[in-house]
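These notes are about the structure you will find just below.
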Amino acid sequence: MLRRFFLLFLCGLTARAHVVGISTAQGSMSGESLELVIGFAPNDAQQLIKPEDRPTGKWSPEAFDAIKPQLLWVAPQLWEVTARGEKLKPSGVRVELLPGDNVSFHLLFVRPIGADKLILRATKLGELPPGHREFVIIGGADGVTVAKKLLSAQDDTMEIPLPPDPAMAASARSRPAEKAGNGNAPAFWSFLRLGVEHIWTGYDHLLFLFALLVVCRSFRSIVKIITCFTLAHSTTLVLATLKIVSLPSGIAEPAIAASIVYVGVENLLRRGAEPQGRWALTFGFGLLHGFSFASVLRELGVGENGTSIAMPLFSFNAGVEIGQIAIAAVVLPVVWRLRQNEKFVARGVPALSALVAAAGLYWFLERTIFA
């Protein structure tokens, strides 16, 4: 059993945290046209280029200019827009390199006469790494959200209602709001699922939680630690998403890795015994972890341009908590059973703690020196 734990933790040393990729697409309906602006993070934008032509490290303007023809060729293939059974070709295509190596694609589509709806399909999601999501928000000419959806490779299509005539858009303001409301239920479950996936693939968060729980000797201690961690990261998630507090990812992510190192080393120094006041330490470090959760919603544009923030914030956080509880429900019985063996407490817990500290150190170096 102990060997299996070693193998799992060794695999964790080379695993990257937060493997679920996220991209955004913001659409604007104006008169007879629909403009889509699609944003990809550097790692995801790389997947759209031939492997041999992918830039290494940060993209310089020269490197971007060299691959720009490929990106312009890919751009019209990112979205399939259909009206009245006819596929529309973009009348305008533009690609930009934004700060942080983010790539922005601009596509302009002209609405056919008489069309009452547009069907949008994100055709490239199936070619991106597994689990990739794309959050789409479409706004009308009056700024009201017409449609929103979190797309995946398994569900890559959405429908946009159109007013009978562009000239009547101003008198139909209530209709887009109603249409947007109808999409709240699917969006709720999409954000809930995203929260579960984020914690399940957030190996640094899970490793931090495991390091806290592996030395617990009572159910009361476990409840206090999980509660403190939940309250802390939920607080930061809300404050950061509302832009009340802010911490750049360049600081937050290394700090999260450092928290893993600290807990692993503390477990080693205590030789498997439960440290006093661990709940307070958990709350403090939990605040840091909340910034990472908040970055997911910020990357999706939640709260931007007047979009609703309450539902995505609540459902995403609920998903994180459900995923966290599910993991704890599986791991804790195993840990408790192992702790009944004195050899595990004397040797196994320190060995696992050393692996936790090593994984945290790996991530810290990866996010600082080798970033």
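Here are a few things to note about the model shown:
- Sequence-distant residues sharing a close amide H with GLY139 (under 5 Å, placed H): GLY27, SER28, MET29, VAL146
- In loop segments of segment 200-291 as defined by DSSP, the trypsin sites (Lys or Arg not before Pro) with at most 13 further C-beta atoms inside 10 Å of their C-beta are ARG217, LYS243, ARG271.
- One Cα centroid belongs to segment 39-98, the other to segment 269-287; the line between them spans 47 Å.
- Protection proxy ranking of 119-125, 288-294, 315-321 - average other beta-carbon atoms within 10 Å, highest first: 288-294, 315-321, 119-125
- Residues TRP336, TRP59, TRP363, arranged from fewest to most other Cβ atoms within 10 angstrom of their Cβ, appear as TRP336, TRP59, TRP363.
- Mean Cβ neighbour count within 10 Å, used as a protection proxy, ranking 148-160, 63-75 highest first: 148-160, 63-75
- Linear extension gain, LYS50 paired with LEU365, 0.36 nm per residue minus alpha-carbon span: 110.5 nm
- Paramagnetic reach from GLU274 (point 7 Å along Cα→Cβ, amide N under 11 Å) across segment 325-357: none
- Take 126-135, 351-360 and order them by the average number of nearby Cβ atoms within 10 Å per residue, most first; the result is 351-360, 126-135.
We did not get these values from a lab; they are worked out from the coordinates using the rules stated. All figures in this text were calculated on a predicted structure; none of them were measured in a lab. Note that we place each Cβ from the backbone using ideal geometry, even for glycine, and neighbour counts take in every protein chain shown.
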